[in-house]
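Novice: Submitted below is the structure of interest, expressed as structure tokens.
No lab work stands behind these numbers, since they all come straight from the coordinates. This structure is a prediction, so every number in the text was calculated from the model and none was measured. Backbone-built Cβ (ideal geometry, glycine too); neighbour counts: all protein chains shown.
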Amino acid sequence: MAALTPQQVLQFHEEGFLVVEDLFDPETDIGPVLAEYEQVLDRLARDLHAKGLLASTYAELPFSDRLIRIYEESGTVHPQYFDFSLPQNNIREDTPMWTGPAVFNMIRHPKLLDAIESIIGPEIYSNPVQHIRIKPPESRLPANLDAVTLSSIKQTPWHQDQGVIKEEADESEIVTVWFPLRDATEENGCLAVVPKSHQEGLVPHCPASSENATGFGVHIKERVIEGRTVLPVPVKAGSALFMTKETIHSSLRNLSDHVRISFDLRYNPIGQPTGRPDFPGFVARSNERPDTELHDVEIWSALWQEARRALAKGETPKFNRWDPNSPACA
Ligand SMILES: O=C(O)CCC(=O)C(=O)O
Ligand SMILES: [Fe+2]
């Protein structure tokens, strides 16, 4: 069991965040995920090469250098290729995503579920608000990215995870777990948190704006953060940061020469709304009804493909509650 100690659970609830050191073995737990993403990057390289957008597939380069090179030379970034979730608009039947076995195993990792169980109990639902985030060094981003793309691949603005989901999940006990696949440092853009900010509950957010490059995505205005204690949280590969859905956080800039690569996953007790009803979750662990647990990556992958098909056909649903014309956004 990788259960948390009562002291750790207390700290999580008091501070709104908790770093669990060495939750995973970087080699045996995270290694397979990195190996799988080598294949995803290879597929991207071959696709772009076949389209004439790359002179080479750069198969000889290590992951970070290869990705940077491919983004630079193709003149744009390709985050959706790697993600195990869908975007919030312009979903097509062929929108890329990656729902592979190593990713699925990571979401279901017993050490992770043991830690989550210590916080929310043994009836655990995998919430579909989940991402891999691969952030290239700012100095190596392709020139001429439009403002929205640029800001989405740079630092993440201040927000609470409760702010990026729908009201229906306001009472759900959603726990975020963020962990890097390679060491996350202040230089390469680890997260920063506002300790104890969860105690104040949900604060107003402002939705995406294409005019304001640093304000892309649902975000809390900088003026709300001014004067508060901001704590950068470097996390080594193998360690993990747990946060409540009310904890205010952002990421720092990637000023290093390599990509910053992380997973963020969420869990809530089975039966509580996830806040993103158009995306599929699944039962990750259930002591009461073990037969309802999902163990089959093919089924998981099919759930995402089905969601993609439905969203490509229908109207774009609303993903959050915020109004850009509210006084809080002026
Ligand atoms: O990795 C990032 O830059 C942002 C992550 C985040 O906001 C989260 O995990 O909730
Ligand atoms: Fe977040």
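Novice: What are the extents of the Cα atoms of the range 6-329 along their three principal axes, listed from largest to smallest and rounded to whole Å?
Specialist: On the principal axes, the range 6-329 reaches 54, 49, 42 Å in Cα extent.
Novice: Arrange the peptides 306-318, 11-23 so that the one whose residues have, on average, the most other Cβ atoms within 10 Å appears first.
Specialist: Highest-to-lowest ranking by the protection proxy: 11-23, 306-318.
Novice: Now, a different point. Looking at the chain as a GNM with Cα springs under 10 Å, which of GLU73, GLU60, GLU27 has the largest mean-square fluctuation?
Specialist: Its mean-square fluctuation being the largest, the pick is GLU60.
Novice: So which residue, out of GLY100, GLY31, GLY52, gets the largest mean-square fluctuation from a GNM of the chain using Cα contacts under 10 Å as springs?
Specialist: Sorting by GNM fluctuation, first place goes to GLY52.
Novice: On a 22 Å Cα-Cα criterion, which of the cross-link pairs LYS111/LYS166; LYS166/LYS236; LYS111/LYS196; LYS111/LYS236 come out too long?
Specialist: Checking Cα-Cα distances, LYS111/LYS166; LYS166/LYS236; LYS111/LYS196 exceed 22 Å.
Novice: So which residue, out of ASN188, ASN89, ASN105, gets the largest mean-square fluctuation from a GNM of the chain using Cα contacts under 10 Å as springs?
Specialist: ASN89
Novice: While we're looking at this one, here's another question. Let me check against my output: what whole-number percent is the relative contact order of the chain, with C-alpha pairs under 8 Å and at least 6 apart?
Specialist: Relative contact order of the chain: 28 percent.
Novice: Find how many whole Å separate the alpha carbon centroid of the range 41-62 from the alpha carbon centroid of the range 126-153.
Specialist: About 19 Å separates the Cα centre of the range 126-153 from the one of the range 41-62.
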